[in-house]
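Okay, so here's the structure we're looking at.
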Amino acid sequence: MFSIENIIRKKIRSLVPYSSARSEFSGEAKIYLDANENSLGSIFNDYNRYPDPMQVELKQAISSLKKIAPGNIFLGNGSDECIDLLYRCFCEPGVDNVIICPPTYGMYQVSAEINDVALKSVPLTPAFRLDEQALIAAIDNRTKLVWICSPNNPTGNTLEKDVILRLLRSFNGIVVVDEAYIDFSTGGSYVTLLEEYPNLVVLQTFSKAWGLAGLRLGMAFASAEIISVMNKVKPPYNINQVTQELVLEAIGRAAEAEKAIGVLIEEREKLRTALDSLEAVVEVYPSDANFLLVKTTDNRGLYDFLLRRGIVVRDRGNVLHCAGCLRITIGTPEENKMIVAAIKNYLTQTV
Ligand SMILES: *Cc1c(COP(=O)(O)O)cnc(C)c1O
């Protein structure tokens with residue numbers, strides 16, 4: 001049986017979190033002389049006050065948007081902060097281990113190394129599917145987290161739900177489903193399963209579909225127990241004032257974000273068709289994300305060729321099962337035409 005008591009780090013269980021001025025007093029007062037802020041104000045706007053450490057208003061808006069109670073929401077300085085916090089809350093350095101399924105998002109490994117947590121790799125099959133037997137076999141009694149990225153970066157595909165559900169049922173640690181690209185996909189989010197699976201953590205972000213990568217706001221959805229552990233460990237003011245205000249405003253304009261997502265999905269399929277017909281392209285893989293993984297005749301040559309023309313893509317040729325591959329983010333309609341035109345010239349290049 002999954003129990004938070006069995007997987008939380010000892011130090012974290014007994015940790016008395018930092019109590020900030022803003023968490024000790026959170027009501028309305030006439031004069032605030034409790035946080036050593038600058039009472040004269042700031043040079044511009046009103047940034048002299050510390051932001052809400054629990055982001056109450058913003059979480060309320062996200063709660064309505066996602067139909068998830070505020071107590072099941074954690075906000076991070078990008079989902080990258082959520083990834084790091086999951087290690088710090090649940091993985092004993094030098095003792096515990098986690099499982100990743102490469103090729104996948106690089107931060108799971110980097111964060112494991114930073115936190116001195118052992119990493120077990122259970123590669124996807126060459127068809128980019130989960131290897132269920134190997135996954136189950138890799139789990140031992142020190143395995144705390146299994147990282148599942150779906151839709152997966154850099155392969156673009158959605159991973160098999162039946163396998164993930166069986167894993168959620170059989171594994172006594174946490175299954176993290178990273179849904180950074182979920183808004184570009186037709187598959188449903190795992191957030192609807194939170195009540196059923198106390199060991200499920202779902203990650204989403206404002207960086208991709210919402211176009212707000214510069215503001216740094218990531219979300220973790222999980223049981224109230226898991227969320228409260230993350231709250232205990234996070235830096236008190238991890239989401240800055242500007243981000244809290246601007247994301248709130250963006251949520252009020254969700255219809256515009258929806259429209260942009262529709263355009264990107266349409267462009268993705270147009271770009272797929274256009275790339276498919278090019279001689280330098282061997283295969284364009286199916287994608288539920290805002291990028292295409294493209295197998296080419298010569299990833300390095302094509303990468304350099306594009307770079308000389310001012311177009312930068314991601315070379316994934318050295319990544320497991322991705323020999324010859326470039327990962328191409330969907331651009332504006334204009335940009336997509338330009339990259340197709342450039343690749344068309346590749347095999348007849350003179351420079
Ligand atoms: C881009 C990306 C993230 C990072 O999101 P931030 O919220 O910008 O930190 C997380 N996971 C995956 C799979 C990504 O591709």
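Would you say residue 56 is under 30 Å from residue 244 (Cβ atoms), within 14 Å of the ligand (Cβ to nearest atom), of a type in the set (A, V, I, L, M, F, W, C) and surrounded by fewer than 16 Cβ atoms within 10 Å (Cβ to Cβ)?
Judged against the criteria, residue 56 is not a match.
Restricting the stretch 92-110 to residues that are within 23 Å of residue 221 (Cα to Cα) and out of contact with any helix residue (DSSP H, G or I) (no Cβ under 8 Å at 6 or more places or on another chain), which is farthest from the ligand (Cβ to nearest atom)?
97
Somewhere in the stretch 45-54, is a residue without any contact (Cβ under 8 Å) to a residue 12 or more places away in the chain, polar (S, T, N, Q) and not in a helix (DSSP H, G or I)?
Within the stretch 45-54, one or more residues are without any contact (Cβ under 8 Å) to a residue 12 or more places away in the chain, polar (S, T, N, Q) and not in a helix (DSSP H, G or I).
So, residue 174, is that one within 27 Å of residue 95 (Cβ to Cβ) and touching a strand residue (DSSP E or B) at 6+ places or on another chain (Cβ under 6 Å) or not?
yes
Of 245, 279, 267, 283, which residue is in contact with a strand residue (DSSP E or B) (Cβ under 6 Å, 6 or more places away or on another chain) and either among the acidic types (Asp, Glu) or loosely packed, with under 15 Cβ neighbours inside 10 Å (or both)?
Just a single option satisfies the conditions, and that option is 283.
Taking the stretch 182-191 as the region of interest, how many residues are more than 16 Å from the ligand (Cβ to nearest atom) and in contact with a Leu (Cβ under 9 Å, 6 or more places away or on another chain)?
0
Checking the conditions here, which among 220, 209 is assigned to a loop (DSSP other than H, G, I, E, B) and crowded, with 19+ Cβ neighbours inside 10 Å?
Values: 220 fails: assigned to a loop (DSSP other than H, G, I, E, B).
Residue meeting the stated conditions: 209.
For the stretch 148-160, state whether one or more residues are more than 13 Å from the ligand (Cβ to nearest atom) and more than 23 Å from residue 323 (Cβ to Cβ). Walk me through how you get there before you give the answer.
Here is the first cut: in the stretch 148-160, the residues more than 13 Å from the ligand (Cβ to nearest atom) are 160.
Now drop any that are not more than 23 Å from residue 323 (Cβ to Cβ), which leaves 160.
The answer is yes; a qualifying residue exists.
For the stretch 147-191, which residues satisfy the criterion of being free of Cβ contacts under 8 Å to residues at least 60 places away in the same chain and part of a helix (DSSP H, G or I)?
Listed by number, the residues that qualify are 161, 162, 163, 164, 165, 166, 167, 168, 169, 170, 182, 190.
Go over the candidates 217, 200, 194 one by one and state the one that is within 12 Å of the ligand (Cβ to nearest atom) and either without any contact (Cβ under 8 Å) to a residue 24 or more places away in the chain or of a type outside the set (D, E, K, R) (or both). Talk me through it step by step, then tell me what you get.
Details: 200 fails: within 12 Å of the ligand (Cβ to nearest atom); 194 fails: within 12 Å of the ligand (Cβ to nearest atom).
None of the other options fit; the residue is 217.
(1) acidic (Asp, Glu); (2) within 16 Å of the ligand (Cβ to nearest atom); (3) loosely packed, with under 12 Cβ neighbours inside 10 Å: which one isn't true of residue 28, the others all being true?
Exception for residue 28: condition (2).
If residue 255 satisfies every condition in (1) in contact with a helix residue (DSSP H, G or I) (Cβ under 9 Å, 6 or more places away or on another chain); (2) without any contact (Cβ under 8 Å) to a residue 24 or more places away in the chain but one, which is the exception?
Looking at each condition in turn, residue 255 falls short on (1).
If residue 225 meets every condition in (1) within 11 Å of the ligand (Cβ to nearest atom); (2) touching a helix residue (DSSP H, G or I) at 6+ places or on another chain (Cβ under 9 Å) apart from one, which number is that one?
Of the numbered conditions (1) within 11 Å of the ligand (Cβ to nearest atom); (2) touching a helix residue (DSSP H, G or I) at 6+ places or on another chain (Cβ under 9 Å), the odd one out for residue 225 is (1).
Among 179, 113, which is the only one that is within 16 Å of the ligand (Cβ to nearest atom) and modelled with pLDDT of 95 or more?
Sole residue among the options that is within 16 Å of the ligand (Cβ to nearest atom) and modelled with pLDDT of 95 or more: 179.
Looking at (1) surrounded by fewer than 18 Cβ atoms within 10 Å (Cβ to Cβ); (2) over 23 Å from residue 66 (Cβ atoms), which is the only condition residue 214 fails?
In the conditions (1) surrounded by fewer than 18 Cβ atoms within 10 Å (Cβ to Cβ); (2) over 23 Å from residue 66 (Cβ atoms), residue 214 misses (2) alone.
Somewhere in the stretch 64-76, is a residue in contact with a Lys or Arg (Cβ under 6 Å, 6 or more places away or on another chain), within 12 Å of the ligand (Cβ to nearest atom) and touching a residue at least 60 places away in the same chain (Cβ under 8 Å)? Talk me through it step by step, then tell me what you get.
Taking the stretch 64-76 as the starting set, the residues that turn out to be in contact with a Lys or Arg (Cβ under 6 Å, 6 or more places away or on another chain) are 70, 73.
Going one step further and asking which of them are within 12 Å of the ligand (Cβ to nearest atom), we end up with none.
Within the stretch 64-76, none of the residues are in contact with a Lys or Arg (Cβ under 6 Å, 6 or more places away or on another chain), within 12 Å of the ligand (Cβ to nearest atom) and touching a residue at least 60 places away in the same chain (Cβ under 8 Å).
The values are calculated or read from the model by the stated rules, or taken from the named source; none is laboratory data. All values derive from a computational prediction rather than experimental measurement. So basically every Cβ, Gly included, is an ideal-geometry build from the backbone, and we count neighbours across all protein chains shown.
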